[in-house]
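The values are calculated or read from the model by the stated rules, or taken from the named source; none is laboratory data. Values in this document were obtained by computation on a predicted structure and should not be read as measured data. Backbone-built Cβ (ideal geometry, glycine too); neighbour counts: all protein chains shown. Keep in mind that these areas ignore ligands, DNA and RNA; they rest on the heavy atoms of the full protein, side chains included. Shrake-Rupley method; radii C 1.70, N 1.55, O 1.52, S 1.80 Å.
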Amino acid sequence: MHTNKLYHLFSFLVICSLFSCQEKKENVPAKKPNIVLIIADDVNWDDIGPYGNKNIRTPNLDQLAKDGMLFNQAFLTTSSCSPSRTSIISGLYPHNTDAEQLAWPLPEGKRTFVQELKNAGYWTGLAGKYHLGEAVTDDFDALYEMQWNDNIGLKGIDRKLVGDGSGCDDWIKLLKERPKDQPFFTWLAAYDAHRPFYEGISDNPHNPEDVNLPPYVPNTDGVKKDFALYYDEISRMDSYIGKVVSELEKQNVAENTIILFISDNGRAFPRDKTTLYEGGIKTPWIIKWPAKIKGGQINNELVSSVDIAPTFMQVAGLQPLKEFNGTSILPSIENTSVSIHEEIYAEDHFHDFEDYTRAVRTKQFKYIKNYYSDLPNTPSADIIRGLGWQSMLEEKEKGTLNKAQLKCFVTPRDVDELFDIVKDPYELNNLANNPEYSSVLEDMKSRLEKIRNTTNDVLPTVRTPDDFFRETGLPTKYRIRPRPSKAVYMKAQAEGKILTNPDME
């Protein structure tokens, strides 16, 4: 009898224990997702396999797209390196960052999504290209910035990096050294495929005869070789992306980790980088998130890099900052039929050379306004010094370039440019003066002005002197590195001074 009572008591305690464990299990909060942002440097949206380029070797990006969601209508707020990055991290359009010109640092007082993640318990780290400014360094618990090895040429132009030149050397180191008891965010920034391009970086180099050339560059040996070297750098970066995915799997965190792959701007070729054409601001955008996203999905909704900050904060369970100019795209990730934007906005500021251009893009049309139409659409200085541009100059002297290929040389530029992207994906036929599209032009102008007014985007009162000579790509006396902040430039302007490099006087 006594034994029977003990048995029933023991059974009761076991049942209570089971219910207690079940209750605890149900009350355990879900782990916050880890977030990995991978940023390519100067890589065009259609220069990787997932977007249809069959002649470039990107097996790891191919797999990332198969395992995740590929966006066909993704854009950047600008086509310039540091302004694009400061826009991403701050969630602001470049003109609201006070870092809108190349190499202007993000100033103190600008909040970032990385700092917000860190405050919420995330461990944060960056490896590779930085290009954000001193004020942002404390946002990262660990910072492995790529280091320069030696200088080639005048004043540090066309430098080489420590390591293999990719800027990706410390990506895996960062992932391995992270604390294992915290959710993490990592900003993995390649230097590939930034110029200068060097031969011999690949054991299996791409064949110049296999590259895909846009119609606005000539089909010359020099241009094709330049593209092949660019392809080699993209493939090198792709190999590091494969290592990242493999490391996450080894650490058993891949399921609950969201990976976003983008580029900071388009490829460093004429009429791409530093322009607001598709080759400048359209970006590859692939998200892998096994816990939430079924593989092989395509998203055709408009998204912008200014949306990244609010999206990551919402993914982490945080309320996006009120000052953000973007919108979380999480609803469109969960349901690809959900529209986020009716249009996206992009801007072009000083990058080596002075410029001021704005664009608004819908799914069908793009409108570009060139405020400094007296200036030619000169590509960045490293492009001018590159093999492809030099080949274009030779063809220009011969008189063999067509209208599209001469576009970078033309002055004055058209003030207004309107393109039907669906019919004219390379933006070769300006419809701004076509009376059949007058209503479309007025609508697009109205959209642009509304965004400018809403976000306080105003034309500068003074133009910035070029840092390089447009003919040679060599530095002028106005090139200063490290480049002073916008505040320093504005102070000098108010005092009637023009900042110059004393070593170049």
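So if I check each of A99, A103, which one is in a loop (DSSP other than H, G, I, E, B), surrounded by 24 or more Cβ atoms within 10 Å (Cβ to Cβ) and of a type outside the set (D, E)?
On the way: A103 fails: surrounded by 24 or more Cβ atoms within 10 Å (Cβ to Cβ).
Only one candidate qualifies: A99.
Just give me the residues in the range 77-93 being of a type outside the set (K, R) and under 18 Å from D41 (Cα atoms), in sequence order. Steps first, answer last, please.
Residues of the range 77-93 of a type outside the set (K, R): 77-84, 86-93.
Passing the criteria: T77, T78, S79, S80, C81, S82, P83, S84, T86, S87, I88, I89.
For the range 494-505, name all the residues that are part of a helix (DSSP H, G or I) and either of a type in the set (A, V, I, L, M, F, W, C) or modelled with pLDDT of 95 or more (or both). Before you say what the answer is, go through the steps one by one.
Keep residues of the range 494-505 that are part of a helix (DSSP H, G or I), which gives 494, 502-504.
A494, M504, listed by residue number.
Confirm whether L276 is within 26 Å of K450 (Cβ to Cβ) and open to solvent by 10 Å² or more (accessible area, probe 1.4 Å). I'd like the intermediate steps shown before the answer.
Working: within 26 Å of K450 (Cβ to Cβ): yes; open to solvent by 10 Å² or more (accessible area, probe 1.4 Å): no.
No: the conditions fail for L276.
Can you name the condition, by its number, that H131 falls short on among (1) more than 16 Å from the chain's Cα centre (by Cα); (2) modelled with pLDDT under 95?
(1)
Would you check if D210 is over 30 Å from N119 (Cα atoms) and open to solvent by 60 Å² or more (accessible area, probe 1.4 Å)?
Answer is yes for this residue.
Among the residues of the range 49-59, are any at pLDDT 95 or above and among the aliphatic types (A, V, I, L, M)? Give the derivation first.
To start, the set of residues in the range 49-59 that are at pLDDT 95 or above comprises 49-59.
Among the residues that remain, those that are also among the aliphatic types (A, V, I, L, M) are: 56.
Yes: the range 49-59 contains one or more residues that are at pLDDT 95 or above and among the aliphatic types (A, V, I, L, M).
Determine if the range 394-414 includes at least one residue that is under 28 Å from R463 (Cβ atoms), β-branched (V, I, T) and either modelled with pLDDT under 95 or surrounded by fewer than 21 Cβ atoms within 10 Å (Cβ to Cβ) (or both).
Among the residues of the range 394-414, at least one is under 28 Å from R463 (Cβ atoms), β-branched (V, I, T) and either modelled with pLDDT under 95 or surrounded by fewer than 21 Cβ atoms within 10 Å (Cβ to Cβ) (or both), which makes the answer yes.
Specify which of the listed residues (N34, N60, N55) is surrounded by 24 or more Cβ atoms within 10 Å (Cβ to Cβ) and over 16 Å from the mean Cα position of the chain (by Cα). If you could, list the steps in order and put the result at the bottom.
Values: N60 fails: surrounded by 24 or more Cβ atoms within 10 Å (Cβ to Cβ); N55 fails: surrounded by 24 or more Cβ atoms within 10 Å (Cβ to Cβ).
Testing whether each residue is surrounded by 24 or more Cβ atoms within 10 Å (Cβ to Cβ) and over 16 Å from the mean Cα position of the chain (by Cα) leaves just N34.
Check whether at least one residue in the range 291-311 is surrounded by fewer than 23 Cβ atoms within 10 Å (Cβ to Cβ) and hydroxyl-bearing (S, T, Y), and report yes or no.
no
State whether one or more residues within the range 112-122 are open to solvent by less than 10 Å² (accessible area, probe 1.4 Å), aromatic (F, W, Y) and out of contact with any helix residue (DSSP H, G or I) (no Cβ under 6 Å at 6 or more places or on another chain).
First, the residues of the range 112-122 that are open to solvent by less than 10 Å² (accessible area, probe 1.4 Å): 112-114, 117, 122.
Still in the running and aromatic (F, W, Y): 113, 122.
Pick out the ones that are also out of contact with any helix residue (DSSP H, G or I) (no Cβ under 6 Å at 6 or more places or on another chain) and you get 122.
Yes, the range 112-122 contains a residue that is open to solvent by less than 10 Å² (accessible area, probe 1.4 Å), aromatic (F, W, Y) and out of contact with any helix residue (DSSP H, G or I) (no Cβ under 6 Å at 6 or more places or on another chain).
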